[in-house]
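The values are calculated or read from the model by the stated rules, or taken from the named source; none is laboratory data. A quick note: this is a predicted structure, and the numbers were derived from the prediction, not measured. Here Cβ is always computed from backbone atoms with ideal geometry, including for glycine, and neighbour counts include all displayed protein chains. Ligands, DNA and RNA are stripped out before the accessible areas are found, and what is left, the full protein with its side chains, is counted by its heavy atoms. Shrake-Rupley method; radii C 1.70, N 1.55, O 1.52, S 1.80 Å.
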Amino acid sequence: MAAFQDVRAGDSSVARQTRSSSDEKQSPPSRPSSTRSRPLSIVPRSQQRGLLGRFTVIPELGCPYEYTKRTKWAITAVVALAGGLGPLGSGIFYPALPQISLEFDTEPVIANLSVALYMLAMGIFPLWWSSFSETLGRRNIYLVSFSLFIVFSVLSAVSHSIAMLVVMRLLSGGASASVQAVGAGTIADIWESRERGRAMSIFYLGPLIGPLLGPIAGGALSEALGWQSTMWALTIYGGVILLLLVFCLPETLPRLKSPPAPTVVATANDSSENNAGGLTRTKTAESVKESTKRAAVVFKQLIVDPLSILLYLRFPPVAITVYYAAITFGTLFALNISVQAAYSTDPYGFSPSILGLMYIPSGTGYIIASLLGGRWLDYIMAREARKAGRYDDGGNLVLLPEDRMRENAWLAATVYPASLIFYGWTIQNGVFWFVPVISQFTFGGASMLVFAAATTMLTEFMPKRSSSGVAVNNFVRNMFSCTGAVAAQPVISSIGHGWLFTILGVFTWVTGYACIWALKKKAPVWRISMEKELNR
């Protein structure tokens, strides 16, 4: 509770400071160090935004940068735990896939759709969640989406056919996807650029719960209680997170974009006779015209605005960053399907509970790289700014997003494709299980360096549209992950694990190097051009 009380404890002192300095003119702060010397802009409890906003323990601030470090980390932790739900929903299902194939008497490829379409929904739905969060606020989206997730998880658990299961899984994936876009926006709301790399890495620890703990829990639950127990476990986890969001997550979006209000039409032939009692009468033509305008506004908000987020791909820095993250994400899901297919059959033949343990190495790599990679990213950013002599008028370093693609990116682009090739041939030849596990660990660590750098860069390329940038990234990368999850099993059956991961390794090696080189050389020019167009 100490983190939650940091802001509340300042209420009385804030009032005293406000009265004593009401006549002084203070310049707006540009750094956290200056914001802490000013009174906190606490929003009155009755005016706090979002569903059930007045129940939050952490108060809403007019300027989210003003939160203390402890409060920022508390909010980051809540969002990280919420972000773990989506990946957990896919990871927990991998060990249960053979059991589902047997129970519903269906092919493994059809059973894999329960994971593939789940990931597809996680790519598509953030376009809407992100768009709505810019008008309705972050908190509303969190609470609505997690409530829907609980409903669809219950329906998944009671599914009586493979078709019902796949559909309910698709909808639950879409509901859980809100944090993938809105969560990164929340981090960008409260953390400034110079600290955002570490904060984004800690945020990603939540989503990494899925790849690490999901298969372990899924293997144990499905073997002991059946595959349905995995869905009940997700329901419980979703309910706990929903309570955390209600009480511990205030609205962090600084200013909501107000949707255009419908125009009130006044008729030219209103007379005193028709205005008796304050009532007016509108011509049929004018009424139809006004209804059409309202319908156009609703259509724009529900369809055009969410899909228009994809237009950000016209900017080269966004397109290249998204593509680089997407090919890495696609290979990750091809690897996950391969792990399930290889270790559950000869020469390994592991049971579901042991099969779940085989996902630990890559998950461990994700977590270690997340903990260390964020600090490394922030160090690289500051080092490059000092080297280039980039300081603002206040003497603060000017940080540029493209500086995140330095030696960390070259290392990741080298290690994870090599890990894929090494894994493919060792698993193909039935080498002792510990040997391919080594490459799973190195793949996890290297790929995490890519995800952290790409997501943080997107929030910085479009600082005023951070949720939209991350939503585009999620859309494209989940298209790749869906493709990887669906195509991996047939390709493995045709050419084997070795050749599949050799092809993927060489392809990601070449294109990854090309993406890093392009961002290093061209991003400064592209970024300036993009900023001009976005500001216009």
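So if I check each of 401, 417, which one is more than 20 Å from residue 458 (Cα to Cα) and assigned by the TED database to the domain that holds residue 461?
417
Considering the stretch 378-417 alone, what residues qualify as being of a type in the set (A, V, I, L, M), farther than 18 Å from residue 320 by Cβ and not in a loop (DSSP other than H, G, I, E, B)?
Of everything in the stretch 378-417, those that are of a type in the set (A, V, I, L, M), farther than 18 Å from residue 320 by Cβ and not in a loop (DSSP other than H, G, I, E, B) turn out to be 380, 381, 382, 385, 388, 397, 411, 415.
Quick check on the stretch 449-472. Is at least one of its residues under 14 Å from residue 331 (Cα atoms), open to solvent by less than 50 Å² (accessible area, probe 1.4 Å) and part of a helix (DSSP H, G or I)? Steps first, answer last, please.
Residues of the stretch 449-472 that are under 14 Å from residue 331 (Cα atoms), as a first pass: 450-451.
Filter again for open to solvent by less than 50 Å² (accessible area, probe 1.4 Å), leaving 450-451.
Still in the running and part of a helix (DSSP H, G or I): 450-451.
Yes, the stretch 449-472 has at least one match.
Give me the pairs, please: first residue somewhere in the stretch 158-175 and in contact (Cβ under 8 Å) with a residue 60 or more places away in the chain and over 14 Å from residue 111 (Cα atoms), second residue anywhere and open to solvent by 40 Å² or more (accessible area, probe 1.4 Å) and polar (S, T, N, Q), beta-carbon distance under 9 Å, and either six or more positions apart or on two chains.
The qualifying pairs are 158/228.
Can you find even one residue in the stretch 185-194 that is basic (Lys, Arg) and under 27 Å from residue 61 (Cα atoms)?
Yes - at least one qualifying residue is present in the stretch 185-194.
For the stretch 293-335, give me each residue that is among the polar types (S, T, N, Q) and over 23 Å from residue 405 (Cβ atoms).
Within the stretch 293-335, 301, 308 meet the criteria.
Can residue 379 be described as open to solvent by less than 30 Å² (accessible area, probe 1.4 Å) and either touching a Gly at 6+ places or on another chain (Cβ under 9 Å) or outside the structural domain of residue 119 (by the TED database) (or both)?
No: the conditions fail for residue 379.
β-branched (Val, Ile, Thr), surrounded by fewer than 14 Cβ atoms within 10 Å (Cβ to Cβ) and closer than 17 Å to residue 413 by Cα: which single residue out of 525, 506 fits that description?
Criteria check complete, one pass: 506.
Yes/no matrix, rows are residues, columns are (1) among the aromatic types (Phe, Trp, Tyr); (2) part of a loop (DSSP other than H, G, I, E, B); (3) touching a Pro at 6+ places or on another chain (Cβ under 6 Å); (4) modelled with pLDDT under 85:
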position: 13; (1), (2), (3), (4): no, no, no, yes
position: 27; (1), (2), (3), (4): no, yes, no, yes
position: 40; (1), (2), (3), (4): no, yes, no, yes
position: 50; (1), (2), (3), (4): no, yes, no, yes
position: 75; (1), (2), (3), (4): no, no, no, no
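Hey, can you tell me all the residues within the stretch 191-234 that are part of a loop (DSSP other than H, G, I, E, B) and under 19 Å from residue 403 (Cβ atoms)? Walk me through how you get there before you give the answer.
Pass one, the stretch 191-234, residues part of a loop (DSSP other than H, G, I, E, B): 191-192, 206-208, 226-227.
Matches in the stretch 191-234: 191, 192.
Considering each of 159, 147 in turn, give the residue that is surrounded by fewer than 24 Cβ atoms within 10 Å (Cβ to Cβ), among the small types (Gly, Ala, Ser), over 17 Å from residue 125 (Cα atoms) and assigned by the TED database to the domain that holds residue 90.
After ruling out the rest, the residue left standing is 159.
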